[in-house]
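To start, the structure under review is shown below, and the notes come after it.
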Amino acid sequence: MTPGELKPVLAALLLPPAGPLLLALLGVVLALQRRGVGLLLATTGIVLALALSTNGMGLLLARHLLPPLSPAALPDVRHTQAVVVLGGGVLPEAPEYGAAQPNANTLERLRHGVRLVRQSGLPLAFAGGVGWSSTGMRTDSEGAVARRVLEQEYGIGPKWVDDRSRDTAENARNMAVLLLPQGVRRITLVTDAWHMPRAADEFRRAGFEVLPAPTGFPGPQARPLLEWLPSASGVLLCRALVREWLALQVIRWT
């Protein structure tokens, strides 16, 4: 197993819900010999698992863990040269369509990118291959799926498609190979708000001037009481935010 293929395995073990639950399990095991320490770890793990499965906690993490991003109806993209949309995954099997489809994150990013392209007349680029977590699976790349959806459903043909990158760093490097030789340096970057700080940093490292155009901002999902009860949306948001924070720490120290 390559280091890249190991990343999704480690993420699955460290991020919620598995990370806190494994901590609780360790506490139960330790309690057999060291009752006080074991019960403390088990309680901490259970509390973390519950807290990190709520949308309310996700909103707190978004406010304090990542650099702030202000929602804007439409950024002024006129001084950039291309709209670059990053993939967020695909649904390998979609029987009702008979072909792989973009998942919810990718579709939301594509929709926002199309809106910016129609507003500005700029060319569209898309970056996304088969992610590390899907290595070895028989599935279309994010780039192939995005091209099909853009052409068939939006009537837009992307000018550049990177369908080989497996993570955000490779998104940036591969786009640099495609765009920089053509003089395209100033880009409007489209991805989820929680992903934007790391994505923008990677693209700047690759030599681009980046105008962030985030979508998918974290927000309330229900009335206040329900925000603090476990939910599927809460787990997904907390997981994404913790992963991005950890990734930013790795980038900072490497």
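The values are calculated or read from the model by the stated rules, or taken from the named source; none is laboratory data. The structure displayed is predicted, hence computed values, not measured ones. Glycine gets a Cβ as well: all are built from the backbone with ideal geometry, and neighbour counts include every protein chain shown. Quick note on the areas: whole protein, heavy atoms, side chains included, nothing else; ligands and nucleic acids left out. Shrake-Rupley method; radii C 1.70, N 1.55, O 1.52, S 1.80 Å.
Quick one: which of GLU108, GLU151 is assigned to a helix (DSSP H, G or I) and without any contact (Cβ under 8 Å) to a residue 24 or more places away in the chain? Can you show your working first?
Numbers: GLU108 fails: without any contact (Cβ under 8 Å) to a residue 24 or more places away in the chain.
After applying the criteria, what remains is GLU151.
Condition (residue is crowded, with 22+ Cβ neighbours inside 10 Å, over 20 Å from the mean Cα position of the chain (by Cα) and closer than 23 Å to PRO212 by Cβ) applied to segment 117-125: is it met by at least one residue? Give the steps one after another, and end with the answer.
Within segment 117-125, the first condition is being crowded, with 22+ Cβ neighbours inside 10 Å, and the residues that meet it are 117, 124-125.
Imposing the further condition that a residue be over 20 Å from the mean Cα position of the chain (by Cα) reduces the set to 117.
After this cut, where a residue has to be closer than 23 Å to PRO212 by Cβ as well, the list is 117.
Yes - at least one qualifying residue is present in segment 117-125.
Quick one: is VAL235 part of a helix (DSSP H, G or I), within 18 Å of ARG111 (Cβ to Cβ) and in contact (Cβ under 8 Å) with a residue 40 or more places away in the chain?
Spelling it out, it is not the case that VAL235 is part of a helix (DSSP H, G or I), within 18 Å of ARG111 (Cβ to Cβ) and in contact (Cβ under 8 Å) with a residue 40 or more places away in the chain.
Take the residues in segment 31-58 that are of a type outside the set (Gly, Ala, Ser), open to solvent by less than 50 Å² (accessible area, probe 1.4 Å) and not in a helix (DSSP H, G or I), then tell me which one is farthest from ALA222 (Cα to Cα). Spell out how you get there, then give the answer.
If we filter segment 31-58 for residues that are of a type outside the set (Gly, Ala, Ser), which is where we start, we get 32-35, 37, 39-41, 43-44, 46-48, 50, 52, 54-55, 57.
Cutting the leftovers down to open to solvent by less than 50 Å² (accessible area, probe 1.4 Å) gives us 41, 52, 54-55, 57.
Narrowing the set further to residues that are not in a helix (DSSP H, G or I) leaves 52, 54.
Details: LEU52: 16, THR54: 11 Å.
Filtering segment 31-58 for residues that are of a type outside the set (Gly, Ala, Ser), open to solvent by less than 50 Å² (accessible area, probe 1.4 Å) and not in a helix (DSSP H, G or I), the one farthest from ALA222 (Cα to Cα) comes out as LEU52.
Go through segment 111-148 and give me each residue that's outside any helix (DSSP H, G or I), hydrophobic (A, V, I, L, M, F, W, C) and without any contact (Cβ under 8 Å) to a residue 40 or more places away in the chain.
Our first condition is that a residue be outside any helix (DSSP H, G or I); within segment 111-148, this holds for 121-131, 135-141.
When the remaining residues are screened for being hydrophobic (A, V, I, L, M, F, W, C), the result is 122, 124-127, 130, 137.
The one that is outside any helix (DSSP H, G or I), hydrophobic (A, V, I, L, M, F, W, C) and without any contact (Cβ under 8 Å) to a residue 40 or more places away in the chain: VAL130.
Only one of (1) in a loop (DSSP other than H, G, I, E, B); (2) under 30 Å from THR135 (Cβ atoms); (3) open to solvent by 60 Å² or more (accessible area, probe 1.4 Å) fails for LEU26. Which number is that?
(1)
If I go through segment 209-232 residue by residue, how many of them are among the acidic types (Asp, Glu) and not in a helix (DSSP H, G or I)? Even if it seems obvious, please write down each step before you answer.
If we filter segment 209-232 for residues that are among the acidic types (Asp, Glu), which is where we start, we get 209, 227.
Keeping just the survivors that are not in a helix (DSSP H, G or I) gives 209.
Number satisfying all stated conditions: 1.
Could you list all residues from segment 169-208 that are buried (at least 20 other Cβ atoms within 10 Å of the Cβ), assigned to a helix (DSSP H, G or I) and polar (S, T, N, Q)?
ASN171, ASN174
Name the single residue that is modelled with the lowest pLDDT among those in segment 209-251 being of a type in the set (D, E, K, R) and open to solvent by 70 Å² or more (accessible area, probe 1.4 Å). Walk me through it before giving the result.
Here is the first cut: in segment 209-251, the residues of a type in the set (D, E, K, R) are 209, 223, 227, 239, 243-244.
If we keep only those that are open to solvent by 70 Å² or more (accessible area, probe 1.4 Å) as well, we get 209, 223, 243.
Values: GLU209: 97, ARG223: 89, ARG243: 93.
Here the residue is ARG223.
Restricting attention to segment 126-149, which residues are at pLDDT 95 or above and more than 20 Å from the chain's Cα centre (by Cα)?
ARG148
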